[in-house]
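Reading through the structure tokens given below for one structure.
Quick note: the coordinates plus some simple rules give every number you see, no bench work behind them. Note that the structure is predicted; figures quoted are calculated from it, not measured. Every residue, glycine as well, gets a Cβ built from its backbone with ideal geometry; the counts of neighbours run over all protein chains shown.
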Amino acid sequence: MDVLIHICCGICILEPLRDLRGEGHDVLGVWVNPNIEPAAEHDRRLDALGTVVRVEGLPLVRLDAPEFSPPAAEPSDERCGYCYRLRLLPTARLAAESGAAFTTTLLFSRHQRHELIKSVAEQVAAETGAEFLYRDWRPLFARGQSRARRLGIYRQRYCGCLPSLDARLKE
């Protein structure tokens, strides 16, 4: 594998995977998302990813992460940065061990804190010695959403943490 991609959900891997493969990369998917709550939501997203894994022939590894205990109750740079790091650090460590670069599907969503993701990934890359492969996949967002609908892949309505779910329910 020459690129490990952290995957947050099934819908968000579709277009980044197509893009990376189009660039000639050999891609390994990485699932490490202890912050997706409640457990039923975590399982639903993992099941949706299973559909993509089968359809796209994507190899996938599941990694453990430290116990999830965020620093604040509301979404903020501090809380979101903690969650990004929690997922990217194990991915980067595996990339460093295998001599691969790493990236994340979090860079696909128009709803995530793009610059914060990039900053955290760069910090993790410096700590681990892994190369961070930066891509801005947000322009592919609508195409990914459409493709997910055609494939019948679950499309979630919040990032995964309970405060983001609460905020979504209040909209």
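Using the Cβ atoms and a cut-off under 14 Å, what net charge is assigned to the surroundings of Pro59, where Lys and Arg are +1 and Asp and Glu are -1?
0
DSSP loop GluC sites (Glu not before Pro) in the range 44-139 with at most 15 other Cβ atoms within 10 Å of their Cβ, which ones? Working shown, then result.
Working: sites: Glu56, Glu67, Glu78, Glu97, Glu115, Glu122, Glu127, Glu131; in loops: Glu67.
Within the range 44-139, the qualifying GluC sites (Glu not before Pro) (loop, at most 15 other Cβ atoms within 10 Å) are Glu67.
Could you list Ser76, Ser164 so that the one with the fewest beta carbons within 10 Å of its beta carbon is first and the one with the most is last? It would help to have the intermediate numbers written out before the result.
Values: Ser76 14, Ser164 21.
Fewest-to-most Cβ neighbours within 10 Å comes out as Ser76, Ser164.
Assigning unit charges at the beta carbon (Lys, Arg +1; Asp, Glu -1) and nothing else, what dipole magnitude in debye, to the nearest 20, does the range 3-170 show about its Cα centre?
The calculation lands at about 840 debye.
Express the C-alpha Rg of the chain as a ratio against the empirical globular expectation 2.2 N^0.38 Å, rounded to two decimals.
Numbers: Rg = 14.9 Å, N = 171, 2.2 N^0.38 = 15.5 Å.
Against the empirical 2.2 N^0.38 Å value, I get 0.96 for the chain.
Chymotrypsin sites (Phe, Trp or Tyr not before Pro) within the range 24-115: which are DSSP loop residues with at most 16 other Cβ atoms inside 10 Å?
When the chymotrypsin sites (Phe, Trp or Tyr not before Pro) of the range 24-115 are filtered for loop state and at most 16 Cβ neighbours within 10 Å, Phe68 remain.
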